Amino acid sequence: MNPEQPELGGRGSPTRLRPGPPADASWQEEEEEPRSSPCCRRPMAAGGGVGLLPFLRLLGQLKRVPRTGWVYRNVAKPESVSDHMYRMAMMALVTEDKNLNKDRCIRLALVHDMAECIVGDIAPADNIPKEEKHRREETAMQQLTHLLSEDLRKEIYELWEEYENQSTAEAKFVKQLDQCEMILQAFEYEELEKTPGRLQDFFDSTAGKFVHPEILQLVSLIYRERKKRIAATSHPHS
């Protein structure tokens, strides 16, 4: 998540998921260990159906990886990475911009944070250089996609690269969706916790980054509603 984080007040950073096997290996189930984690199984040929179950189980970790920015702000019951990606995909689905490839936008939204099922949601407060963050996520994506057939491996990895490199109009649009979804979630947490304005730094971190007309309109609506909540708290009897 984008904004710089303050001191954690003793809570510490969220637990990182243990990486699976190297990117040049896939997995084989052992009969004597039917309930072992996919990360602990021996290599066998990748691709086809044999890698699908380990792939889906790793992907399922996204349901259990909390968004680090909310953890660092002591938000109760923070959303998962999977929660964030789902609403982003829906935001892509409902775009009315005919100049964009909607299907590709949805795919980009579904893939863009996939590596976090292995490396976790790395935040600025983790003090990990951007280059190192990219290297870890690149390795994770190689590991994940190696479990799939060659065609799927190529498709998913190239989607991730497209988003990382911001090389297309669709990738740039989805990046703005990522930031817009974040401030929408921040607004919702302020409402849920009845603390209007508490998560201001998330809004500050995205200032000036929205350019797409649809997203600008949505951001304007979010700001308008948030301003009303803050004003109502400041002047409860007005």
Where residue 196 falls short, out of the listed (1) more than 18 Å from residue 111 (Cβ to Cβ); (2) in contact with a Phe, Trp or Tyr (Cβ under 6 Å, 6 or more places away or on another chain): (2)
Residue match in segment 150-165 (condition: charged (D, E, K, R) and within 18 Å of residue 1 (Cβ to Cβ)): yes
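Condition test on residue 76, is it open to solvent by less than 10 Å² (accessible area, probe 1.4 Å) and either in contact (Cβ under 8 Å) with a residue 40 or more places away in the chain or out of contact with any strand residue (DSSP E or B) (no Cβ under 8 Å at 6 or more places or on another chain) (or both)? Give the steps one after another, and end with the answer.
Details: open to solvent by less than 10 Å² (accessible area, probe 1.4 Å): no; either in contact (Cβ under 8 Å) with a residue 40 or more places away in the chain or out of contact with any strand residue (DSSP E or B) (no Cβ under 8 Å at 6 or more places or on another chain) (or both): yes.
It is false that residue 76 is open to solvent by less than 10 Å² (accessible area, probe 1.4 Å) and either in contact (Cβ under 8 Å) with a residue 40 or more places away in the chain or out of contact with any strand residue (DSSP E or B) (no Cβ under 8 Å at 6 or more places or on another chain) (or both).
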Pick from segment 54-73, criterion of a type in the set (Val, Ile, Thr) and assigned to a helix (DSSP H, G or I), ranking: least open to solvent (accessible area, probe 1.4 Å): 68
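Quick check on residue 184: is it touching a residue at least 12 places away in the same chain (Cβ under 8 Å), within 25 Å of residue 97 (Cβ to Cβ), assigned to a helix (DSSP H, G or I) and open to solvent by 60 Å² or more (accessible area, probe 1.4 Å)? Please lay out each step first, then the result.
On the way: touching a residue at least 12 places away in the same chain (Cβ under 8 Å): yes; within 25 Å of residue 97 (Cβ to Cβ): yes; assigned to a helix (DSSP H, G or I): yes; open to solvent by 60 Å² or more (accessible area, probe 1.4 Å): no.
No.
Considering every residue within segment 152-168, establish whether at least one is among the β-branched types (Val, Ile, Thr) and either outside any loop (DSSP other than H, G, I, E, B) or touching a Leu at 6+ places or on another chain (Cβ under 8 Å) (or both).
Within segment 152-168, one or more residues are among the β-branched types (Val, Ile, Thr) and either outside any loop (DSSP other than H, G, I, E, B) or touching a Leu at 6+ places or on another chain (Cβ under 8 Å) (or both).
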Breaking point among (1) modelled with pLDDT of 50 or more; (2) under 24 Å from residue 107 (Cα atoms), for residue 70: (2)
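Looking at 77, 154, 102, can you tell me which residue is closer than 18 Å to residue 175 by Cβ and among the basic types (Lys, Arg)?
On the way: 77 fails: closer than 18 Å to residue 175 by Cβ; 154 fails: closer than 18 Å to residue 175 by Cβ.
It is 102.
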Positions within segment 164-173 being out of contact with any Asp or Glu (no Cβ under 9 Å at 6 or more places or on another chain) and either within 17 Å of residue 219 (Cβ to Cβ) or crowded, with 19+ Cβ neighbours inside 10 Å (or both), in sequence order: 172
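Could you please let me know if residue 95 is open to solvent by less than 40 Å² (accessible area, probe 1.4 Å), free of Cβ contacts under 8 Å to residues at least 40 places away in the same chain and β-branched (Val, Ile, Thr)? Spell out the reasoning first.
Details: open to solvent by less than 40 Å² (accessible area, probe 1.4 Å): yes; free of Cβ contacts under 8 Å to residues at least 40 places away in the same chain: no; β-branched (Val, Ile, Thr): yes.
The answer is no for residue 95.
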Qualifying residue in segment 208-216 (condition: open to solvent by less than 80 Å² (accessible area, probe 1.4 Å), modelled with pLDDT of 95 or more and of a type in the set (Lys, Arg)): no
Answer residue from segment 98-127, given it is of a type in the set (Asp, Glu) and in a helix (DSSP H, G or I) and is most open to solvent (accessible area, probe 1.4 Å) among those: 103
Some residue of segment 129-151 being out of contact with any Asp or Glu (no Cβ under 6 Å at 6 or more places or on another chain), among the aliphatic types (A, V, I, L, M) and either surrounded by fewer than 16 Cβ atoms within 10 Å (Cβ to Cβ) or under 22 Å from residue 206 (Cα atoms) (or both): no
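The values are calculated or read from the model by the stated rules, or taken from the named source; none is laboratory data. Owing to the predicted nature of the structure, the values given are computational and were not obtained by experimental measurement. Neighbour counts are summed over all protein chains in view; Cβ atoms, including those assigned to glycine, are modelled from backbone coordinates with ideal geometry. Ligands, DNA and RNA are stripped out before the accessible areas are found, and what is left, the full protein with its side chains, is counted by its heavy atoms. Shrake-Rupley method; radii C 1.70, N 1.55, O 1.52, S 1.80 Å.
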